[in-house]
Amino acid sequence: MFEGFKKLIGLETKTTLADPSPELIALFGATPSASGVAVTPETAMRCPTVYASVKVIAESVAQLPLHLHRRKSDGGKERATDHPLAELLHGQANEWTSAFEFRLFMQTALCLHGNAFAFINRTGGKIAELIPIPSPCVTVEVDPVTMEPSYKVSSGDGGQRVYDRTEIFHLKALGTSPHVGMSPITQMKEAIGLALAMEEHGARIFSSGARPGGVFKYGKTLGPEALKRLRESFNAAHAGGSNGGKTLILEDGMDFEALQFTSVDLQFLELRRHQVAEIARGFRIPLHLLQELERATHNNAESMGQQFLSLTLLPWLKSWEGGIRRALLTPEERPEYYAEFLTDDLARADLAARFDAYAKAVTNGLLSPNEVRAAENRAPYAGGDQFRLPMNTEDANAAGGGNGSR
């Protein structure tokens, strides 16, 4: 059964949507934008702002440590390294895909398609592998009576297979349906289409000299042959970005007048900056993370970095944690086990501020020295698990029922 599944998705990965035909665009439900550019998840990645936005979200989610924890009877927690799922989440999703690569692919699919899918391969009732599936290969079908979803996976040769909801790990973006998410690319189709159109227009200007750099002035009338010879010789020597800056030689009293930048030219540049902000707004990405630093300062960049963690990444992380609980843990395991991302690396301040915060936490008994060492990826030492209290405080029980301070 599993060999057939691998063959099924293996065939699909050989196809490409890099340059889709109109028929193929219609097949996936995409339509040309008002700018005349057909926008699909694949063509949208040609837009630098889209590529950078997806990249910063996907790589941020992929690089964060993801651990499976076990709840303890005393209210604490410990890493459940002995559970089969722990290795899939933190080490290898399967023999050919690391956990980082798995999350990178899945989060990229979420940002582009609004849905991400992976096949759950079980051996002896336990999860052995998580194998990502390209989102366009999957159709979500809903039972009209039970409202339970199932997943039809298609291959390039027309083959199809239906999988139960317990066999597919499905993550969804924001959507109006409880079963599928909406594609952010589709929702931002016009903004992305305009950005792509302006990118192409700007490239054509430099490649073929679409905007004239100036005009020739000549007191006499030139015949057709003279005009043709002048045009050909000028284009051969000066057209295109590679010929920029060359010396122009005129003859027989001819004059050249350079054209200055107009308000239309300046508006074109401003509109390009606006489209960067418009697309970043859709992905909720702070502009300084896209290298748009025109209005960024040190103070507001630090504040926007914290907002990126809390307002952009955190909803995605909660979606992952909820999806893992739903699809990868059994009902019997859910009260005891849970998955959690560690966001400390993204929230870290500079070295001096971090160690100052550690010192205050240890001095006030909030953290033990070994907990601080663990946060800095250092080995514990004997006696480091002891919590320390300030000199002017004392535990109420240790004081024999006193008020706990003196």
### Task
Would you please name the residue that is surrounded by the fewest Cβ atoms within 10 Å (Cβ to Cβ), looking only at residues in segment 155-166 that are over 16 Å from residue 179 (Cβ atoms) and of a type outside the set (Lys, Arg)?
158
### Condition broken by residue 89, with the remaining ones in (1) within 21 Å of residue 50 (Cα to Cα); (2) in contact (Cβ under 8 Å) with a residue 40 or more places away in the chain satisfied
(1)
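Rundown of residues vs (1) over 30 Å from residue 34 (Cβ atoms); (2) in contact with a Leu (Cβ under 9 Å, 6 or more places away or on another chain); (3) surrounded by fewer than 22 Cβ atoms within 10 Å (Cβ to Cβ), yes/no style:
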| position | (1), (2), (3) |
| --- | --- |
| 104 | yes, no, yes |
| 109 | no, yes, no |
| 124 | yes, no, yes |
| 141 | yes, no, yes |
| 153 | yes, yes, no |
| 175 | no, no, yes |
### Query
For residues in segment 38-49 being in a loop (DSSP other than H, G, I, E, B) and within 14 Å of residue 279 (Cβ to Cβ), which is modelled with the lowest pLDDT?
39
### Query
Counting only residues that are assigned to a helix (DSSP H, G or I) and in contact with a helix residue (DSSP H, G or I) (Cβ under 7 Å, 6 or more places away or on another chain), which one in segment 325-358 is modelled with the lowest pLDDT?
347
### Message
Given the condition among the aliphatic types (A, V, I, L, M) and modelled with pLDDT of 90 or more, answer yes or no: does some residue in segment 370-377 qualify?
### Response
no
### Query
What pairs can you find where one residue is in segment 157-171 and among the acidic types (Asp, Glu), the other is not in a strand (DSSP E or B), and their Cβ atoms are less than 7 Å apart, with a gap of 6+ or different chains?
157/11
### Task
Using the structure shown, decide if residue 23 is over 22 Å from residue 324 (Cα atoms), assigned by TED's automatic domain parsing to the domain that holds residue 124 and either modelled with pLDDT of 85 or more or not small (Gly, Ala, Ser) (or both).
yes
### Inter-residue pairs, beta-carbon under 9 Å, first on the phi < 0 side of the Ramachandran plot and surrounded by 18 or more Cβ atoms within 10 Å (Cβ to Cβ) and in segment 305-332, second assigned to a helix (DSSP H, G or I) and small (Gly, Ala, Ser), 6+ apart
308/60; 312/60; 313/60; 316/60
## Note on the structure
Among strands (runs of 3 or more DSSP E) completely within segment 89-166, the ones holding 3 or more residues that are assigned by TED's automatic domain parsing to the domain that holds residue 41 and aliphatic (A, V, I, L, M) are 115-123, 126-133, 138-142
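The values are calculated or read from the model by the stated rules, or taken from the named source; none is laboratory data. Predicted model only: the values in this text are computed from it and were never measured. Methodologically, a virtual Cβ is constructed for each residue, glycine included, from the backbone with ideal geometry; neighbour enumeration extends over all protein chains shown.
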